Structure formats: structure tokens, C-alpha cells
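A short write-up of the structure that comes next.
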Amino acid sequence: MDLFEKCRSDRLLIEAQKAIAEGTYPFFIALEEHEGTVATYQGRKVIMCGSNNYLGLTMDPRVREASREALDHYGPSCTGSRFLNGNLTMHEQLERELADFFGKEAALVFSTGYQANVGAISALVGRNDVVIIDKDDHASIVDGCRLSFGEMRRFTHNDMVDLERQLRACPPRAGKLVIVDGVFSMGGDIAPLPEIVRLCQQYEARFMVDDAHGAGVVGGGHGTAAHFGLTDQVDLIMTTFSKSFASLGGAIMGSEEVIRYIKHHAHSLIYSASMPPSNAAAALASLRIMRAEPQHSARVMAIGAQMRKGFTALGFDIGESQTPIVPIITGGVEPTIALWHMLLEAGVFTNPIPPPAAPTGRLRTSYMATHTEEQLNHVLEVFAWAGRRLGLIPQQPPTELVPMKLAFGF
């Protein structure tokens, strides 16, 4: 059989080509400009409600200037692995400040968040070890588990009874690591860290939190462990720089000895080019802004609460969201794509998430500290218009919302 036959007959690709021909393909959308809360698509402005730029720092002049200065000073690349010639004093300064901000002894910076998860997990989980993850954990966690030599087990999302069952079933002498997203990227809900910590202590398991979507947002910006006051009881904290940090890269934080071990065993660190200087500088500048100006975290959390209230009042199902990530659950692929397309045509950019990326079809909306009240109210109005036209919410506008003029092409 020809290895490439799958490239011609893959059902997913056939459906994608059909959607492209019909003008309803919702992925790889090419934006002409990206200006924080507003982007340009096919020559017109759209309100961006699909970015992970939670604090809006990609547009902060201090972050941009730091990145520009690093580019001018160091050039665009380190042209090598950190293990050899690509390690900068800036990388190590970023690590020291990250460790301090997240309340850990040490940190290790990777070129992407994906590499941080894959590298840390595959380095730590060896033969005869068991890694237990939430079924809604990010794909990078799953891939890290698969690249390790240990056994991967999954428990039902946020189900502590199932987690305990998995822990109880582990071989007595097995090393055990539990990993969860702090904030789940498709649902906006927060992992129940107090219960997980209790179970990990009871069954002598180590605990890692992927805080890609929690850092900068919850816990005053210090993340999910800080949100619950459990920083000292979470063994490892991972985060990415492509969200609140307005950059590219990732890091893992923990004890000195564990970070040192990962540093010398993580293939995705040792055998990959180091984080470019301009990205390291942007992440460091963002981190310092987070520390000095916690109002950005408070603002984005307040906006999340405002939008959850607004969508619920309109009659949309937003699941269990507790953060600025607010899913609009439609239940199927067709209504998800239809709603996405109608919103985009009306000037609101969202992310369509069909199964299996999420348990049920949904639009993933997310908000920034820099969204204005006018923009947020406009988004609710457009959603109300589209939701009623598609029969996803009741036809009559609720009394809790003040009607506003719908202005397409905001």
C-alpha cells in the first residue's frame, strides 16, 4: 500500500476541502492585522473574542520595546540549543523571576509550552511509573505521557471519585504523577486542586499543574495553585508564554533538584534550539508588568464574570466556566459552524470547537483585560441576534439586557 494513500482518502480532509469550497471552513483563518481586541479579516475590522492574550500585553508598548531591543542587540536567533551555545543570561534571569513569581525554588525555560510539557513529563515518568491525567488535559500532556516509558491512565474530567479509583489501582511500588490543567482551555473551568492535593498526599503521588491558561489570570496572576493557596503543595507548575506573557515559549517550575534533573534529561530542551532573545525579553517584560500591575488580572476576571452573566441571561449554555474563557455550547458540529460563520460575518471572531476537541460542539470565546465596555456589549448583541436566528436561544430579549443598536463591521 502507498504510504500517501491516506492523504487522498482521509475523511476529515475530504470534508475540509468541501467546506473550503463552500466558504465555511473555520480553521487556519488568515488575519491581515492583529491589534489586540480588534483584528482585520478580509479588509474589515472584527472584534477578537478568540485570543489567549488575556492581559492584552501584546499591544503594551513596554513589551514591544523590550522585544525590539533584544532583537537589535542579540539578533533573531541563538542558533543552538541551550545545552550548548544557545543559553543566554536573559534566559536565566527569566527563570529566576518566574520561580519567584510562582513561589518555587527554580524554573526551566523551553522554546514552546508544548516542549515544556513533553520534555518535563517524558523526563520524569520512567518504566514502572504511572502518570494519571484528566481526560480534558491538553494534547501536549497526552503526548508527553506517550513519549515517556511509563503507563498513562486517564480519569473522568474533574471526577475525584474516578481519580481516587485510578490512584488506588496503581501498583504499590510505582512512582505516581497526577497532572491536570489548572484552567481548562475549552471549558474555562478550574480544576479542584484542594481535593486533588488531598488524594495525592493520601496515595503518595506527585502533582503537576499545567497553568497555561491560569497564569496571569487567576490567583492575582500567580496561577491556580495561588488561587487556592496551595502553591507549596503543588510539586510542579508549568506555564506558557504565548498567552498572558504575550510571547512564545514555556517553563516548568519546581524544586531545585527536580528542575536540575529535567534540565539534563528533557530531549525537547537539549535537542531543540533555544527560545529567541526577542521572545525571552517580551516574556520577562510581561512578567514584570504582571507583578507590578495586578489590576490587569483583576480586570480580565471581572470581564469574564460580566460575559458569563450576559450569555446566561440571553439563554446560552456556558457550561461550568469560571474564568475569561466562556464556551457557548451548541451540542453539534452543524450549529457550531453556523453560529461561528454568522458571527464572523457580523464582525465577531470566535473559535469553533467541534468534537473530539471538546466533549460537545461549542464556540470558545475568550476575553482580554483591554476589551472595552462598548466592544463587550456589542459582542453580546451580535450573539443575541445570531443565537435567535439559529434557534439556539429564546426569541424574546430578556429584561436584564438593555437593547443596543446592532452595528455590523464594528
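The values are calculated or read from the model by the stated rules, or taken from the named source; none is laboratory data. The structure displayed is predicted, hence computed values, not measured ones. Every residue, glycine among them, receives a Cβ derived from its backbone with ideal geometry; neighbour counts consider all protein chains shown. SASA here: full protein model, heavy atoms, side chains in, ligands and nucleic acids out. Shrake-Rupley method; radii C 1.70, N 1.55, O 1.52, S 1.80 Å.
Looking only at residues of the stretch 307-353 that are within 23 Å of the chain's Cα centre (by Cα) and among the acidic types (Asp, Glu), we find that the one that is most open to solvent (accessible area, probe 1.4 Å) is GLU320.
Of the residues in the stretch 264-274, at least one is among the β-branched types (Val, Ile, Thr), more than 18 Å from GLU69 (Cβ to Cβ) and surrounded by fewer than 23 Cβ atoms within 10 Å (Cβ to Cβ).
What about ALA174, is it over 19 Å from ILE262 (Cβ atoms) and either modelled with pLDDT of 95 or more or open to solvent by 10 Å² or more (accessible area, probe 1.4 Å) (or both)? Answer is yes for this residue.
Cβ separations smaller than 8 Å between residues 6+ apart or across chains give the following pairs from the stretch 156-170 residues that are among the β-branched types (Val, Ile, Thr) to residues that are open to solvent by less than 50 Å² (accessible area, probe 1.4 Å): THR156/ASP162.
Residues of the stretch 69-127 that are among the β-branched types (Val, Ile, Thr) and under 30 Å from THR224 (Cα atoms): THR89, VAL109, THR112, VAL118, ILE121, VAL125. Does MET301 qualify as being open to solvent by less than 60 Å² (accessible area, probe 1.4 Å), touching a residue at least 24 places away in the same chain (Cβ under 8 Å) and not in a helix (DSSP H, G or I)? So MET301 fails the test. Among the residues making up the stretch 60-90, those that are outside any loop (DSSP other than H, G, I, E, B) and of a type in the set (Lys, Arg) are ARG62, ARG64, ARG68.
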